[in-house]
1. Among B:ALA50, B:ALA134, B:VAL82, whose Cα lies farthest out toward the positive end of the dipole of the range B:35-165, if unit charges sit on the beta carbon of Lys, Arg (+1) and Asp, Glu (-1)?
2. Using the Karplus curve 6.51 cos²θ - 1.76 cosθ + 1.60 with θ = phi - 60°, what ³J(HN,Hα) values do you get for each residue of the range A:309-314, in whole Hz, with x for Gly and Pro?
3. What does the charge count near B:GLU145 come to, summing +1 for each Lys or Arg and -1 for each Asp or Glu among other residues with Cβ under 10 Å from its Cβ?
4. Roughly how big is the protein assembly as shown's charge dipole about its Cα centre, with Cβ charges of +1 (Lys, Arg) and -1 (Asp, Glu), in debye to the nearest 20?
5. Order these by the 10 Å Cβ neighbour count, fewest first: A:MET384, B:MET149, B:MET76.
6. What's the exposure ranking of A:THR325, A:THR19, B:THR118, going from fewest to most Cβ atoms within 10 Å?
7. At A:VAL199 and A:ARG250, where each label point lies 7 Å from the Cα along Cα→Cβ, what is the point-to-point distance in nanometres?
8. Share of antiparallel DSSP beta bridges in the protein assembly as shown, in percent to the nearest 5?
Amino acid sequence: MANTKKILLEHINVPGIETYEVYRQKGGYTGVEKALKKLTPDEVVEEVKKSGVRGRGGAGFPMGMKWSFLAKPEGVPRYLVCNADESEPGTFKDHYLMKCLPHLLIEGMIISSYALGANKSFIYVRGELMYVIRILEKAIEEAKAAGFLGKNILGTGYDLELVVQPGGGAYICGEETALLESLEGKRGNPRNKPPFPAVKGLYQCPTVVNNVESIATVSWIVNNGGEEYAKIGVGRSTGTKLISASGHIRKPGVYEIELGLPVDEFLNSDEYCGGIRDGHHLKAVVAGGSSVPILPAHLFMKTANGEGRLMSYESLSEGGFATGTMLGSGGFIAMDETTCIVRNTWNFSRFYHHESCGQCSPCREGTGWMEKVLHRIEHGHGNMRDIDLLVDVAKKIEGNTICPLGDAAAWPIASAIRHFRDEFEWHVTNPGAASKPGAVYQHLNEMSV
Amino acid sequence: MAETATKTAFTAERLKKVEEIIQRYPEGRQKSALLPVLHLAQEQFGWVSAATMDYVAELLSIQPVEVYEVATFYTMFHLEPVGKHVIEYCRTGPCCTMGGEEVYDYLKQKLNIETGETTSDGVFTIKEVECLAACGWGPCFQIREKFYMHLNNQKIDEIIEDLSK
Ligand SMILES: Cc1cc2nc3c(=O)[nH]c(=O)nc-3n(C[C@H](O)[C@H](O)[C@H](O)COP(=O)(O)O)c2cc1C
Ligand code: SF4
Ligand code: FES
């Protein structure tokens, strides 16, 4: 299967593609011309609906449907906010896309804003990426100078201003309502829903929040038509997806794949990850960012029914949480046999504890407990009851919080225990060795042959 | 560093920038400028003191407490004086999977300080941060706006030598 169709990264290797001039030479901004001159806003929404493209930020909600929910009360401004907070461990595709192809995002923002009737749109970028913010601001200046932004764009009477907003270092601001709070100059505390942003979002006005990659696909969809887009991919997983691959692979990096690519090909072919580093073998995979359930190698490669898995929303979630996982944000982390699952799980639990905004007690207290208990087990002070305690706390958090960060904290832990319980038990029964990482690796090596 | 605690006025250039930032938002929504302006403040003063927060509140016509609660929520703002170079290393899973723990230990040994501390000459501060969206290029750290990726002990030697000049 030659899965080389590139929609987003087609021109990634063209020197100077980050400049307006080169981007334009390569056919850039024709999507804006087509949308603004030939299509009505509703027709653009229709094409996006037909494409079947699903939100690339993690939840996979159909983008066209989200757009059609936007309330349109008379005389009230509407906003488009691009979510470039990218803080989910394992995910670095938006960073890559914005730094290499800023105009692809700007073009998508213009078309999407036009479709939604927004005259002021925001790109909320995590504050650590200040250098990327400067790249985007330069690209915006260039687009403005070329007449694609500002007043009366291309003489069509449509006005748009783009604002790039820095965050301040808080994972929770990736959650869309926390992001809106942050954009209003407040702490990033997620809001209770309803009302949903589509009705009351930024400044209490109707708002759409979409991920960088989602918005970047819009130019291609407008240029080529939603139906063409829907032909790419597999089933309800239409189109291509950026996967950011890290961990013990030969070639970490960002890859654009056609959805439906066999996982075996993604992991092992030289076009993508290039296989596990020399002399080692795959032990576990986190397929879609740290929040999705971890899978042992055999369940990642094949479903419990023995079918080869595909890189698609449906195939990766085949088997539910018992034996499956999620495509999530496309943050792919491969771990070989030297990885201590307990240590990795503790590390992630510390992340969620640190990033909990603290509004709901199950999340605030639960993430703290889980971190403490995991630290105890990892450092050789745990007991067997601790393992069940973790499962219990995870269950109590799930579904009982204002925002999904609570679930995101619970799932990695529950799944690690589900699939690697023996490793947790070994840490309890070998406390001395467990506190020495070297010894653990050696033992794990033996355990996983 | 200590003297910056009382120096709370922006340079003329930054003041102009503040004006420009406030214009980005709809009328009456100038509070949205808070994060960008706090970044400007940190850029100029190196850290964000209580006096700086009061100054920012005044510039944006909001209550000082509105600035305090925001500055303390977002981890990028240094609420205490820091060294000339703040090394913020990523301690999250993927970077550790790629050998981060060993490399960061080497860094701490080399500078002879722990995370959260500043070298006695005031040149380096080490801080731990969570995932920097550079996981495949890890282990990594950030110093101001610059990313240092694919770190190993040798690279650390070079970076520290370079920045010590
Ligand atoms: C804790 C948390 C963190 C999130 N972080 C991000 C993020 O960094 N980027 C992102 O696009 N979506 C993130 N999301 C999802 C957003 O809430 C939202 O669903 C998404 O931006 C919608 O865009 P999409 O439909 O285009 O995917 C996060 C959600 C949660 C609960
Ligand atoms: S689940 Fe956690 S992060 Fe989300 S609102 Fe509640 S306390 Fe905050
Ligand atoms: S884990 Fe270090 S940058 Fe993501």
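1. Comparing the listed Cα positions along the dipole, B:ALA134 ranks first.
2. 7, 10, 7, 8, 4, 6
3. +1
4. In debye, rounded to 20, the protein assembly as shown gives about 1000.
5. A:MET384, B:MET149, B:MET76
6. Listing A:THR325, A:THR19, B:THR118 from fewest to most nearby Cβ atoms yields A:THR19, B:THR118, A:THR325.
7. 5.4
8. Once the DSSP bridges in the protein assembly as shown are tallied, antiparallel ones form about 50 percent.
None of the figures in this text is laboratory data; all of them are computed from the coordinates on show. Remember, it's a predicted structure, so these values are computed and weren't measured experimentally. Neighbour counts run over all protein chains shown; Cβ positions are idealised from the backbone, glycine included.
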